[in-house]
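These notes concern the structure reproduced below.
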Amino acid sequence: MMKSHTFLRFATMGLLAILVSPKLQAEGQTKDSLLYEVNTRTVLGTGNWAPFLTAANAYDRHSITANNLSVWGILKKPLRQKPFVDYGFGAEVDLNLSPDEQRLFPGELYAEAKVWRFALTAGMKRAVYGNQDPLLSSGGILWSTNARPMPRLSIESMGYIPVPLTTKLIEVKGGLIHGWFSDETVTANTLLHYKYAGIRLGGRWPVRVNYTLHHAVQWAGDSPVYGSLPFTWANYKRVLLGRSGDSNSPDTEKFNTLGNHIISKNLGLELSFPSVIMEMYWQNIYEDRPVHYMYKTYNWEDGLFGFTLRFPHQKALSRFVAEFVSTTDQSGPWHDLDGVIYGGQDGYYTNGVYPNGWTYYGMTLGNPWLTSPRYNANYEQGEVGLKNNRIRLYHVAGQGTIKGVSYKAELAYSENYGITWGPIVRKDQFSWLLDTAMPCPFLPNTDMTAGFAGDLGRQYGNNLAIMAGLRWHGALTW
């Protein structure tokens, strides 16, 4: 297993060296840009935690402690759309300081190359997967923006690609990703397999429908309970196709699928009018032999249901989102009953072979309202699994600009019922956030940010905080 890891890491380093070569840049095309930022944000609050919305869906950039300072710097060259061949790279360094913790880590570090409408990426790059609103969503059911990106090798389409001979009425997209869980997991050296394929119908029509199937797997590694879970090409094929493990696999993976499989089906409807664009979306989740039995849809009640309203001609309110998330059904209370029920007690984001579950550096990879283990009282002592994965969430958010001041506002009410197999103890929570930004009148290329946020309830307690910061930014163009 270590030999395979060594090979892949050397391959990644070699690819990074190739990708940053400026020879890949197409000459005579649109101008290139190098973007840079330096940001600071201070949170001063009362309570046991920083208000939930100050740290959720921020790629783990901010501390969850009540009083903290965040400093981060960004350097990035984006891929351009027009050149047939192009290259890009990005780096971000994040610093968190608080009385309870000090953290310094790379928020991003990647290089990428583009050929036609496909991108090859190596490293840690932020991305939004799923049809949820990319700016204001509470978080996708499989992927959100809650955890920092993990190291990966990926090949993906750059958005939808029209199918030839369909007058652009049919478009498709897809991607294949191999990643590393590089945090200190109980099962060390865990790998990620992720792929997705989607279709969109409608082209430039005012009504469009999209459907995407996402398939993610935690697999391989070294378990203190089950021993070595080897990375081999035979096992990779089993993971790719959703097949059971061989005779050397843990018992649960001999009868189930090899690895911790999570599947999400995304369905969306887009309606375009002169004054408003409406997008409705639904996401479901499957964790029991997902490839074989997902068509049975035992847990159809669970998932993310939402809509976005975009107002292209309004500034005061340019975007509005409303969502409902439910994860309380989990295919019912019975698991694999007499070969009749192929599901039940799904235990979203948890797994026996991979005790850290669907998390990265203690932050939930999926919807963050399924509480990240970093909120566990004994997280530092090894309590690294989710303790709250049965929830109902009602979430609304909006953003816009009023008299030169841009804002983002969020309101959320959550019902929290604990872990799948634990006692049902309901804990309600109300959370809110208002974040604003405006140009600094006495510093060029600088924005001032300010806001306040709070929690009220039993899940995260009663927390209140004010936020203030600065953002200095610019671009070099050639």
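The values are calculated or read from the model by the stated rules, or taken from the named source; none is laboratory data. Predicted model only: the values in this text are computed from it and were never measured. Using ideal geometry, Cβ is built from the backbone for each residue, glycine included, and neighbour counts are taken over all protein chains shown.
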Being in a loop (DSSP other than H, G, I, E, B) and touching a residue at least 60 places away in the same chain (Cβ under 8 Å) is the filter here; which residues of the stretch 434-464 pass it?
Q459, Y460, G461, N462
Scope the stretch 360-415; condition free of Cβ contacts under 8 Å to residues at least 24 places away in the same chain and farther than 24 Å from R148 by Cα; matching residues
K403, Y413
So, in the stretch 104-138, exactly how many residues are part of a loop (DSSP other than H, G, I, E, B) and in contact (Cβ under 8 Å) with a residue 12 or more places away in the chain?
15
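So, in the stretch 405-418, how many residues would count as being surrounded by 17 or more Cβ atoms within 10 Å (Cβ to Cβ) and farther than 15 Å from G451 by Cβ? Break it down stepwise before answering.
Narrowing the stretch 405-418 to residues surrounded by 17 or more Cβ atoms within 10 Å (Cβ to Cβ): 406-410, 412, 414-418.
With the extra rule that they be farther than 15 Å from G451 by Cβ, the set shrinks to 412, 414-418.
Residues flagged as surrounded by 17 or more Cβ atoms within 10 Å (Cβ to Cβ) and farther than 15 Å from G451 by Cβ within the stretch 405-418 amount to 6.
Taking G88, is it closer than 24 Å to R471 by Cβ and of a type in the set (G, A, S)?
Yes: the conditions hold for G88.
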Positions within the stretch 254-286 being surrounded by fewer than 22 Cβ atoms within 10 Å (Cβ to Cβ) and either of a type in the set (D, E, K, R) or within 22 Å of the chain's Cα centre (by Cα) (or both), in sequence order:
K254, I263, K265, L267, L269, E270, E279, M280, W282, N284
Please give the strands (runs of 3 or more DSSP E) falling wholly within the stretch 184-231 in which 2 or more residues are touching a residue at least 12 places away in the same chain (Cβ under 8 Å), over 24 Å from I170 (Cβ atoms) and more than 22 Å from the chain's Cα centre (by Cα).
221-223, 227-229
Within the bounds of the stretch 249-270, is there any residue that is at pLDDT 90 or above, more than 27 Å from V217 (Cα to Cα) and touching a strand residue (DSSP E or B) at 6+ places or on another chain (Cβ under 9 Å)?
yes
Somewhere in the stretch 139-152, is a residue surrounded by 17 or more Cβ atoms within 10 Å (Cβ to Cβ), part of a strand (DSSP E or B), free of Cβ contacts under 8 Å to residues at least 60 places away in the same chain and of a type in the set (K, R)?
yes
I'd like to know if the stretch 233-248 contains one or more residues that are among the β-branched types (V, I, T), in contact with a strand residue (DSSP E or B) (Cβ under 8 Å, 6 or more places away or on another chain) and touching a residue at least 12 places away in the same chain (Cβ under 8 Å).
yes
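Can you tell me which residues in the stretch 355-404 are aromatic (F, W, Y) and either surrounded by 23 or more Cβ atoms within 10 Å (Cβ to Cβ) or not in a helix (DSSP H, G or I) (or both)? Walk me through it before giving the result.
Taking the stretch 355-404 and keeping what is aromatic (F, W, Y), we get 358, 360-361, 369, 375, 379, 394.
Within the stretch 355-404, W358, Y360, Y361, W369, Y394 qualify.
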Given (1) surrounded by 22 or more Cβ atoms within 10 Å (Cβ to Cβ); (2) closer than 19 Å to M363 by Cβ, identify the lone condition not met by Y87.
(2)
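Anything in the stretch 72-103 that is among the small types (G, A, S) and assigned to a strand (DSSP E or B)? List them, or say none.
Within the stretch 72-103, the first condition is being among the small types (G, A, S), and the residues that meet it are 73, 88, 90-91, 98.
Correct list: G73, G88, G90, A91.
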Any residue in the stretch 19-36 that is at pLDDT below 95, surrounded by fewer than 16 Cβ atoms within 10 Å (Cβ to Cβ) and in a helix (DSSP H, G or I)?
yes
Return the residues of the stretch 308-327 that are without any contact (Cβ under 8 Å) to a residue 60 or more places away in the chain and over 21 Å from G139 (Cβ atoms); say none if nothing qualifies.
F311, P312, H313
Just to check your reading of the model, which residue among L69, L79 is modelled with pLDDT of 95 or more, in contact with a Gly (Cβ under 7 Å, 6 or more places away or on another chain) and surrounded by fewer than 22 Cβ atoms within 10 Å (Cβ to Cβ)?
L79
Keeping to the stretch 191-216, report how many residues are hydrophobic (A, V, I, L, M, F, W, C), under 20 Å from S264 (Cα atoms) and surrounded by fewer than 20 Cβ atoms within 10 Å (Cβ to Cβ).
5
When L393 is run through (1) modelled with pLDDT of 95 or more; (2) within 25 Å of L75 (Cα to Cα); (3) not polar (S, T, N, Q), the failure sits at (2)
